Amino acid sequence: MIHKLGANYHFFFATPNSIARIQSNINPFYPFLKVKPTDLPSISSDPILVPKFVYEIDWNRNHFATTSISLPAYITYSGKEISIAGKWPPYASYMNTKDESVKEITSSPFPAPSKLPFFIRWEEKEKIQIGGIKQNESVELSVLTRTKYESAKYLSLRDIVNPTLSEEEILEKIENLYFDKKSKAYLYRLVKILYAGTPEEEYKIISNLFSDELEFAKFLSQSIFTAEIIPMIHGPFLQSFIGSFDERYIRYVYPKLSSPVKTTLQKSVSKGKLQMILDSPSLEPKYGEGFVEKLEEELYKKFSRNIYYVDGSFKTYREKIEESDHTLKFFFEDSKKVNFWQTGNGITFFGLTKHKLFFRTEEWIQNLRFDWFLSRKEWEPIVFHRLPPGLILEIPFYTTGKCVVGGGITDERKAFEFSLQWFEY
C-alpha cells in the first residue's frame, strides 16, 4: 500500500518507481494566520507525510476532508499515582524495556513507578512515555553538525513528454518553444538527463543541480511552470482544462497567446469547441483569474514533483562523547508532566530545558516533522530529513503553547506518529 491514514497525517510511501500522485487543496481546519501553508507537490517520488489538519486530499477515489488534531487523554502523574479524566482504554498497562505489557492499569488513580521515564500501553499499537530520559540534571552532549536537506518542487520531462518520442524529436519540439536562449539550454540539459538512465539516476542528478546550480534550480522550480511548456505535454491535460474554463476568458487572451501555445490549443479541442471560443464575447478576468494564470497554476498542481537537496547544515547532538568532540552542557528540567504519545519507534522524548525540547532518533528516518500548536491561530511546522539513529534533535519549547503533534517515515518505509502534551488540552 502506497498510502496509509494515520491519526493526524496521511503517509505516502512513494519511490522513484512507485510515484504518488496526490490531489490536494489547502483548507486548514484551524484559522492559521501567521504561517501560510505551501502547496503540496502533485507528484512525489519520495516518501511524504501530509497533515490532515491542513490539507484535504483526494486519493484512490476517496475524499479526505481536513480534520481537527487527534490527541489521547492526558495522564496526570503525581509522583506516586497516575490518573485520567474518564476510563482507561482496554489495553492500558505498564510496559517494560522490551515493549511488553507487565501490569494492567485498572483504575484511576492507579499506583505509578517513582522513576522516570516509564511507559504505558495505550492502545494495541500505541504507547505513552511519561517524563523524559533526562531530567533534574546537567548533561554534557557532543555537538554535531549535520547536512541540512530542503525540499523543492520541479517539473520532470518524464511526466509530460510522449514516451514514444526519441531524444531528437523532443529536442526539435523544444526548438520551437517560446523560451529564451538560456531557458532552452536548460531544457536541452533536461532532455539529456531524461535519457541518461533510470528514474533514480535522474533524481540524483536533479538533486545535485538544486544544491550546486541555483539558476538552473530556479528554472526547474519556477520558470518552467509557464504556459509556454504546454506544447511539450502529452495527453488530455489541456483539453480537460479548457473544457472547464469560461470561453470568454479564453477569447480575451487568445490573440495574445504565442504561436506554439495557440497551435496546441487548436489541436486540443474540437472544431466546434474552438469556434465557440472564437465566437464568445471577450471578457477581461479579475487579477489572477485569467486563462494563462489558472493554466500555469493547474500545471504546477498536476505535474510538480517533490525533491530533496542539500542546503547548508544544522546543529544536533549525541550522548557519546569522544576526546576531540566539541560539547555543550544542558540542564534538563523536571518533565513529569510530559505525556509523549507515539505509534511506531521513530523517536523518543529525551528531555526539556527552559527553552528547548529534545528528542532522540531510534531509527534511520527519511522524513520527520513536528507541528507546534502555539494557539488555535498560530502554528509552526518544523521539518527534518534523512536522520540516523541515536541523534538528538532540539526544537523550541513554547511554555505558553498548546501541544506538539508530529510524525515521520523511516528508511524501511514505516510510518510513526507522536504527540507531546504537558497539560490537558
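The values are calculated or read from the model by the stated rules, or taken from the named source; none is laboratory data. Please read these numbers as outputs of a predicted model, since none were measured by experiment. Here Cβ is always computed from backbone atoms with ideal geometry, including for glycine, and neighbour counts include all displayed protein chains. We work out accessible area using only protein heavy atoms, side chains counted, and drop any ligands, DNA or RNA first. Shrake-Rupley method; radii C 1.70, N 1.55, O 1.52, S 1.80 Å.
Applying the criterion of being touching a strand residue (DSSP E or B) at 6+ places or on another chain (Cβ under 7 Å), at pLDDT 85 or above and in a loop (DSSP other than H, G, I, E, B) to the residues of segment 284-329, the residue that is least open to solvent (accessible area, probe 1.4 Å) is Glu319. Filtering segment 224-255 to residues that are part of a helix (DSSP H, G or I), more than 24 Å from Lys182 (Cβ to Cβ) and open to solvent by 30 Å² or more (accessible area, probe 1.4 Å) leaves Gln239, Ser240, Gly243, Glu247, Arg248, Tyr249, Arg251, Tyr252, Pro255. Do you know which residues across segment 103-125 are out of contact with any strand residue (DSSP E or B) (no Cβ under 9 Å at 6 or more places or on another chain), charged (D, E, K, R) and under 26 Å from Gln135 (Cα atoms)? Within segment 103-125, just Lys115 meets the criteria.
Could you say whether any residue in segment 132-152 is more than 28 Å from Ser78 (Cα to Cα), of a type in the set (Gly, Ala, Ser) and in contact with a helix residue (DSSP H, G or I) (Cβ under 6 Å, 6 or more places away or on another chain)? Within segment 132-152 (the criterion being more than 28 Å from Ser78 (Cα to Cα), of a type in the set (Gly, Ala, Ser) and in contact with a helix residue (DSSP H, G or I) (Cβ under 6 Å, 6 or more places away or on another chain)), the answer is yes, since at least one residue qualifies.
Can you work out which of the residues in segment 28-61 that are open to solvent by less than 20 Å² (accessible area, probe 1.4 Å) and aromatic (Phe, Trp, Tyr) is farthest from Ser18 (Cα to Cα)? Of everything passing the filter in segment 28-61, Tyr30 is farthest from Ser18 (Cα to Cα). Just one of the numbered conditions (1) at negative phi; (2) part of a loop (DSSP other than H, G, I, E, B) is not true of Gly79: (1). When the criteria are applied in full, Phe359 fails the requirement of being more than 27 Å from Phe29 (Cβ to Cβ), surrounded by 18 or more Cβ atoms within 10 Å (Cβ to Cβ) and not hydroxyl-bearing (Ser, Thr, Tyr).
Residue pairs whose Cβ atoms lie under 7 Å apart, sitting 6 or more positions apart in sequence or on different chains, and linking a residue in segment 257-272 that is free of Cβ contacts under 8 Å to residues at least 60 places away in the same chain to a partner that is in a helix (DSSP H, G or I) and open to solvent by 70 Å² or more (accessible area, probe 1.4 Å), are Ser268/Gln239; Val269/Gln239.
Conditions tested, residue by residue: (1) in a strand (DSSP E or B); (2) open to solvent by 20 Å² or more (accessible area, probe 1.4 Å); (3) small (Gly, Ala, Ser).
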{"residue": "His63", "(1), (2), (3)": "yes, yes, no"}
{"residue": "Ala85", "(1), (2), (3)": "no, yes, yes"}
{"residue": "Thr97", "(1), (2), (3)": "no, yes, no"}
{"residue": "Val102", "(1), (2), (3)": "yes, yes, no"}
{"residue": "Ile120", "(1), (2), (3)": "yes, no, no"}
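Looking only at residues in segment 65-83 that are polar (S, T, N, Q) and either touching a helix residue (DSSP H, G or I) at 6+ places or on another chain (Cβ under 6 Å) or farther than 30 Å from Val50 by Cα (or both), which one is surrounded by the most Cβ atoms within 10 Å (Cβ to Cβ)? Among those that are polar (S, T, N, Q) and either touching a helix residue (DSSP H, G or I) at 6+ places or on another chain (Cβ under 6 Å) or farther than 30 Å from Val50 by Cα (or both), it is Thr76. Within segment 308-324, residues that are β-branched (Val, Ile, Thr) sit with their Cβ atoms under 7 Å from residues that are open to solvent by 70 Å² or more (accessible area, probe 1.4 Å), at 6+ positions apart or across chains, in these pairs: Ile321/Glu140. Looking at Ile69, Ile57, just one residue is at pLDDT 90 or above, closer than 30 Å to Val35 by Cβ and assigned to a loop (DSSP other than H, G, I, E, B), and that residue is Ile69. Taking segment 163-192 as the range and being in contact (Cβ under 8 Å) with a residue 60 or more places away in the chain and aromatic (Phe, Trp, Tyr) as the test, only Tyr178 passes. Among the residues of segment 164-185 satisfying the criterion of being of a type in the set (Ser, Thr, Tyr) and over 14 Å from Thr226 (Cβ atoms), which is most open to solvent (accessible area, probe 1.4 Å)? Applying the filter and picking the extreme gives Thr164. Within segment 330-339, the only residue that satisfies the criterion of being not in a loop (DSSP other than H, G, I, E, B) and not hydrophobic (A, V, I, L, M, F, W, C) is Asn339. Of all the residues in segment 268-277, those that are in a helix (DSSP H, G or I) and exposed (fewer than 11 other Cβ atoms within 10 Å of the Cβ) number 2. Scanning segment 127-157 for residues that are among the charged types (D, E, K, R) and surrounded by 18 or more Cβ atoms within 10 Å (Cβ to Cβ) yields Lys127, Lys134, Lys153.
Please find, among Ser258, Ser221, the residue that is in contact with a strand residue (DSSP E or B) (Cβ under 8 Å, 6 or more places away or on another chain), surrounded by 14 or more Cβ atoms within 10 Å (Cβ to Cβ) and of a type in the set (S, T, N, Q). Answer to the check: Ser221.
Among the residues of segment 391-416, those that are assigned to a loop (DSSP other than H, G, I, E, B) and closer than 26 Å to Ser207 by Cα comprise Leu391, Asp411, Glu412, Arg413, Lys414.
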